[in-house]
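A.B. asks: Here you go, one structure.
Every number in this text was worked out from the coordinates using simple rules, so none of it is lab data. This one's a predicted model, so the numbers in the text were calculated from it and none came from an experiment. Here the Cβ is made from the backbone with ideal geometry for all residues, glycine too, and neighbour counts use every protein chain on show.
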Amino acid sequence: MKLSEDSTVMDILKRLATEKPQFVECYDSMQISVNWEYAEKNTRLQDGDEVALIPPVTGG
């Protein structure tokens, strides 16, 4: 996904909301990682960063 400079994780979430609106309902409960480290929605991204959206899971 191409983003402009100074983009944040939130910019990815906004783009996903338009492309895949079914994911929006999970935003409050999902975890986010940038380069294998937990991150916040306001985390700034750099060229080459790997972003993962981790859905809530349950089980035992």
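A.B. asks: How many residues does segment 17-48 hold that are outside any helix (DSSP H, G or I), acidic (D, E) and more than 15 Å from L3 (Cβ to Cβ)? I'd like the intermediate steps shown before the answer.
C.D. replies: Step one: list which residues in segment 17-48 are outside any helix (DSSP H, G or I), which gives 20, 27-48.
Of the ones still in play, those that are also acidic (D, E) are 28, 37, 40, 47.
Narrowing further to those that are more than 15 Å from L3 (Cβ to Cβ): 28, 37, 40.
Within segment 17-48, residues that are outside any helix (DSSP H, G or I), acidic (D, E) and more than 15 Å from L3 (Cβ to Cβ) number 3.
A.B. asks: Are there any pairs, at least 6 apart or on different chains, whose C-beta atoms fall under 8 Å, with the first in segment 33-60 and touching a residue at least 12 places away in the same chain (Cβ under 8 Å) and surrounded by 11 or more Cβ atoms within 10 Å (Cβ to Cβ) and the second polar (S, T, N, Q) and part of a loop (DSSP other than H, G, I, E, B), and if so, which?
C.D. replies: V34/T43; R44/S7; L45/S7; D49/N35
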